[in-house]
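Since every read-out is calculated from the coordinates, none of them should be taken as a lab result. Remember, predicted model here, so these are calculated numbers, not experimental data. Please note: Cβ atoms are built from the backbone with ideal geometry, for glycine as well, and neighbour counts cover all protein chains shown.
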Amino acid sequence: MKQSIIEAKSFAFAVRMVRLFAHLLERHGHIRALLYQALRSGTSVGANVAESVDAESLRDFISKRSIALKEARETEYWLRLLHETDHLTKAEFDSIHADCTELLRLLSTSLRKQREQLKASKKSPPTSRPTSDLSPLTSDLSQLTSHNWPFAARLISSLRLLTCSFL
């Protein structure tokens with residue numbers, strides 16, 4: 001099966017993040033915690049995109065891609081922080097930030113289209129719920145009442161109130 005553009009670019013971005021992490025760890029080991037945060041979020045983008053490929057539903061797909069988008073935004077934050085604290089050169093930052101920005105645009109566009117598709121596929125909610133849905137439960141509770149269980153009568157009246165509020 002052929003990879004989508006987002007799949008290919010998010011995987012390539014994860015590879016770049018791993019290489020950047022290794023490179024920066026050698027130069028700036030004292031900021032290890034910050035580097036690990038950037039690595040985790042940067043590789044998580046591709047992992048969530050990969051997970052979305054086998055989504056069980058459109059909602060699941062949108063959920064996975066939304067997480068990927070959030071991780072890309074977080075990665076952008078860490079990259080900016082590394083650059084502003086002089087741990088990334090301008091050339092390093094510009095290069096990887098351009099890839100991150102492209103992923104953000106691709107994911108945003110994809111999500112917008114998928115959300116529109118989900119909205120279009122939604123059916124209008126039913127105007128009323130059939131009362132027969134609760135009738136087996138109500139009849140079982142009526143039998144409990146006949147056995148003189150006082151709480152059953154209160155439960156039946158509560159169920160009737162609930163049923164009326166859904167109609």
Looking at region 1-88, which trypsin sites (Lys or Arg not before Pro) are DSSP coil and have at most 13 other C-beta atoms within 10 Å of their C-beta?
Lys2
Distance from region 41-62 to region 101-116 (C-alpha centre basis), Å:
13
DSSP loop GluC sites (Glu not before Pro) in region 1-109 with at most 15 other Cβ atoms within 10 Å of their Cβ, which ones?
Glu56
Given points 7 Å out from each Cα along the Cα-Cβ axis, report the Val53 to Ser108 separation in nanometres with one decimal.
2.6
Would you kindly derive the ³J(HN,Hα) couplings of region 22-34 from the backbone phi angles with the Karplus curve 6.51 cos²θ - 1.76 cosθ + 1.60 (θ = phi - 60°), listing them in order in whole Hz, with x for Gly and Pro?
4, 5, 6, 5, 5, 7, 9, x, 5, 10, 3, 4, 5
Could you tally the net charge around Lys9, taking each other residue with its Cβ under 9 Å from the Cβ of Lys9, Lys/Arg +1 and Asp/Glu -1?
-3
Sites Arg40 and Ala12, calculated FRET efficiency, Cβ-Cβ separation with R0 22 Å, nearest 0.05
0.80
Greater than 21 Å separation of Cα atoms is the criterion. Which listed pairs, Lys9/Lys122; Lys9/Lys64; Lys2/Lys119, meet it?
Lys9/Lys122; Lys2/Lys119
